[in-house]
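Undergrad: This is the structure I have questions about; it appears just below.
The values are calculated or read from the model by the stated rules, or taken from the named source; none is laboratory data. Remember, predicted model here, so these are calculated numbers, not experimental data. Don't worry about glycine lacking a Cβ; one is built from the backbone with ideal geometry, like all the others, and counts go over all protein chains shown.
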Amino acid sequence: MSVWSRPRALLATIVLAAASSSALSPAQADGGRIQFSVIKAGLVIGGSGGSGTLNFKGRRYPLSIGGLSYGFTFGASQTDFRGTVSNIRRPQDVEGVYAAGSAGAALGRGAQVIVLTNQNGAVLTLSGRSVGAIVSADLNGLALSLSR
């Protein structure tokens, strides 16, 4: 091995270690708490809307929710969701479309648990309680935005 091989190898190891530790740093992404209510109604094509709040780094941000569903949908329900949002760096990262295929029925009160991801990488982990009468087997799209 030449005289310069060891220092170069050591330098390369230090650079790679520093790069990998900074790339995996949990300080880059953060999380918060989220809560919102969604009212859903439909006959084949359904619509939903609602509002809520994001709590992030000690501040509260109002949210607006809207969405469409297509498939077998009949009835109406209201679901109150509470949970966490993770993998965000700023409040605007929660904005976007969260899509999911679903099948279910609620008559009276029902519980739901769901994990959704948007195009920004934000992950919503939610639990909710539903009230109403609805039967569905549809494709859902939920659009979440910060109220201005």
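Undergrad: Report whether or not Tyr70 is modelled with pLDDT of 95 or more, at negative phi and assigned to a strand (DSSP E or B).
TA: no
Undergrad: Mind listing whichever residues of the stretch 95-148 are part of a loop (DSSP other than H, G, I, E, B) and either touching a Pro at 6+ places or on another chain (Cβ under 6 Å) or at pLDDT below 85 (or both)?
TA: Ser147, Arg148
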